[in-house]
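Novice: Quick one: this structure, given as structure tokens, is what I'll be asking you about.
Coordinate-derived values only; no laboratory data. Because the structure is a prediction, the values reported are computed rather than measured. Neighbour counts are summed over all protein chains in view; Cβ atoms, including those assigned to glycine, are modelled from backbone coordinates with ideal geometry.
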Amino acid sequence: MKIGIVCYPTFGGSGVVACELGLSLAKEHEVHFISYACPPRLETDNCRILYHRVDIPPYPLFEYSPYTLALASKIIDVIEHNHLDIIHVHYVIPHAASAYLAKKALVARTKIVTTLHGTDVQLLGLDPSYKPIVEFSMENSDSLTAVSEFLKKETQEKFSITRPITVIPNFVDPEKYKRTSRGEEKIICHISNFRPLKRVADVVRIFGMIVKKVNSKLYLIGEGPTKHPAQRLAEKLGLGEKVCFRGNVRDVSRILGKSDLFLLPSQQESFGLAALEAMSSEVPVVATKVGGLPEVIRHGKDGYLAEVGDLETMAEYCLKILTDEDLAEKMGKKARVRVLEKFTTDKVVPRYVSLYRRTLSS
Ligand code: GMT
């Protein structure tokens, strides 16, 4: 097949899923990435992977450049020159609308698959500024997927769509995400885009409670608007060199491989890809009981789940894991087994391929 993938080239989960999917598909198919910059994980010499940059010409009349139109035009161009069978867009806004426009402008029979990732429908998509077109572009995709049962249900409840939604979860390559070494000093890790809904301040406060009792260090990976407030909070709590803000890291597998605990106290999470990467690396996760996280982490088996904002309980769970080697070992191993059973690239990518085939024959 010839498959076009439209995604954000950022460090966020939807871009990562799109890249890993494309890299895996390219073992057998031709894959064309379309975005305004080359996605960070797309380093490959596989000539079945092609990248097409969307150019947004500046024009003094526009306060906001119309990216949706530039993307639609690029999709048309890529379809016409490469005869794509499928356009798979990740994140509805504005990708699904651009794909719809491109499809309408062409006689080609290219089909659109849209993957819902979370904030595109749960947060941004519900805003009246976007909702009608989000609803329309979901309904008019040829196939729709969501990354968790939670997100599917939530979308069906909040939007008037009749188009069925297939759940296909996030996935990881267990060969890449695996345990390496562990040291005397415990490493606690958090990875996110530092948006308010990630509650990074909670990570710092929980760590403040842990470090009083366990020799440990906190690695915070990512960039975003709540990074500076979190840095100031760490200083105020006197955590100093015990907290390491690492910024965006291209390959998080090395840090996860030597981590002892992963913290994800999000307000909202449709799946939690970073938690899955930690689990594959045999790292127990302490997270919130929200969204799709309970579909990934089983409370008391491969991690612990608590209510949003319940920092005392989360700190208690963290201390349980950090002070009991046996428990940590068992939980880490169970987490990896869960990943191997349900969430590996080899198990999940064929589900997208089957969906493409069903979509093409419909
Ligand atoms: O986590 C983020 O805010 C980034 C966001 C994205 O769209 O890039 O992630 C969403 O998609 C990921 C991949 O499917 C999911 O694993 C994340 O749970 C989801 N984030 C939220 O729902 C907040």
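Novice: Region 104-176: D in µm²/s via Stokes-Einstein (Kirkwood Rh, Cα pairs, 37 °C, 0.692 mPa s)?
Specialist: 248 µm²/s
Novice: Follow-up. From the phi of every residue in region 77-89, what ³J(HN,Hα) in whole Hz does the Karplus formula 6.51 cos²θ - 1.76 cosθ + 1.60 yield, where θ is phi - 60° and glycine or proline is x?
Specialist: Per-residue couplings from phi come out as 4, 5, 5, 4, 7, 10, 6, 5, 8, 10, 10, 10, 9 Hz.
Novice: Taking θ = phi - 60°, what integer Hz values does the Karplus form 6.51 cos²θ - 1.76 cosθ + 1.60 yield along region 271-276, in sequence order, with x for Gly and Pro?
Specialist: 9, x, 4, 4, 5, 5
Novice: Can you give the Rg and Dmax of region 186-342 based on its C-alpha atoms, in angstrom?
Specialist: My reading of the Cα-based Rg and Dmax gives 13.9, 43 Å.
Novice: Given a 10 angstrom Cα cut-off, can you work out which residue in 107, 339, 89 is the most mobile in a GNM of the chain?
Specialist: Largest GNM mean-square fluctuation: 107.
Novice: Which length gain, in nm to one decimal place, applies between residue 158 and residue 56 when the Cα-Cα distance is subtracted from 0.36 nm times their residue separation?
Specialist: This chain segment gains 33.5 nm when fully extended.
Novice: Using only the Cα atoms of the chain, construct the convex hull and provide its projected area averaged over every direction, in square nanometres to one decimal.
Specialist: 18.5 nm²
Novice: What ranking of 299, 83, 88 emerges when the number of other C-beta atoms within 10 Å of each C-beta is taken as an exposure proxy, fewest first?
Specialist: The most exposed by this proxy come first: 83, 299, 88.
Novice: Could you give me the percent of Cα pairs per 10 Å distance bin for region 151-275, shortest bin first, beginning at zero and ending with the bin that holds the maximum distance?
Specialist: For region 151-275, the binned pair fractions read 11, 38, 30, 14, 6, 1 percent.
Novice: Enter the angle in degrees (range 0 to 90, nearest 10) between the Cα long axis of helix 345-361 and the first principal axis of the Cα atoms of the chain, meaning the one along which they spread out most.
Specialist: With rounding to tens, the tilt is 20 degrees.
Novice: What number, rounded to the nearest 500 deg cm²/dmol, is the helix-based mean residue ellipticity at 222 nm of the chain, given -39500 (n - 2.57) per DSSP H run of at least four residues and division by all its residues?
Specialist: Helices in the chain give a 222 nm mean residue ellipticity of -12500 deg cm²/dmol.
Novice: Another question, then. Collect residues whose amide H, placed 1.01 Å from N in the peptide plane, falls under 5 Å from the amide H of residue 51; neighbours closer than 5 in sequence don't count.
Specialist: So residue 51 has HN proximity to 33.
Novice: Considering amide H positions built from the backbone, and no H for Pro or chain starts, which residues 5 or more places from residue 167, or on another chain, come under 5 Å of its amide H?
Specialist: 146
Novice: Give me D for region 263-315 in µm² s⁻¹, whole number, from Stokes-Einstein with Rh from the Kirkwood sum over alpha-carbon pairs, 25 °C and 0.890 mPa s.
Specialist: 230 µm²/s
Novice: Further, regarding this structure: Any chance you could give the angle, 0 to 90 degrees and rounded to 10, that helix 311-323 forms with the longest Cα principal axis of the chain?
Specialist: Once rounded, one gets 70 degrees.
Novice: Can you run phi through the Karplus equation (6.51, -1.76, 1.60; θ = phi - 60°) for region 221-231 and list ³J(HN,Hα) in whole Hz, with x for Gly and Pro?
Specialist: 10, x, 9, x, x, 9, 5, 5, x, 5, 5
Novice: How many angstrom lie between the Cα centre of region 125-176 and the Cα centre of region 290-362?
Specialist: 21 Å
Novice: For residue 243, which sequence-distant residues (separation of 5 or more, or a different chain) have an amide H within less than 5 Å of its own amide H, given hydrogens modelled in the peptide plane?
Specialist: Those qualifying (amide H under 5 Å, at least 5 residues apart or on another chain) are 218.
Novice: Can I ask one more? Under 10 Å, Cα contacts only: if you run a Gaussian network model on the chain, which one of 241, 329, 154 comes out with the highest mean-square fluctuation?
Specialist: The residue that fluctuates most here is 241.
Novice: Please compute one quarter of the surface area of the Cα convex hull for region 44-120 and express it in square nanometres.
Specialist: Its average projected convex-hull area is 6.6 nm².
Novice: Right, another one. Run the simple label-point estimate for residue 46 and residue 109 please: 7 Å along Cα→C-beta, distance reported in nm.
Specialist: Computed distance between label sites residue 46 and residue 109 equals 2.7 nm.
Novice: Neighbouring Cβ atoms within 10 Å as the yardstick, rank 24, 98 fewest first.
Specialist: The order, fewest Cβ neighbours first, is 24, 98.
Novice: For residue 2, go through the lysines and keep the ones whose alpha-carbon is under 25 Å away, minus same-chain ones fewer than eight residues off.
Specialist: 27, 74, 103, 104, 111, 347
Novice: Further question on the same structure: Please give the contour-minus-distance gain from residue 347 to residue 37: 0.36 nm per residue of separation, less the Cα-Cα distance, rounded to one decimal in nm.
Specialist: Contour length minus the Cα-Cα distance gives 108.7 nm.
Novice: When 253, 361, 281 are ordered from fewest to most other Cβ atoms inside 10 Å of their Cβ, what list results?
Specialist: With the sparsest Cβ surroundings first, the list reads 361, 253, 281.
Novice: Additional query: If I model region 1-150 as equal point scatterers sitting on the Cα atoms and use the Debye formula, what is log10 I(q)/I(0) at q = 0.16, 0.19 Å⁻¹?
Specialist: Here the Debye-derived log intensity ratios amount to -0.84, -1.19.
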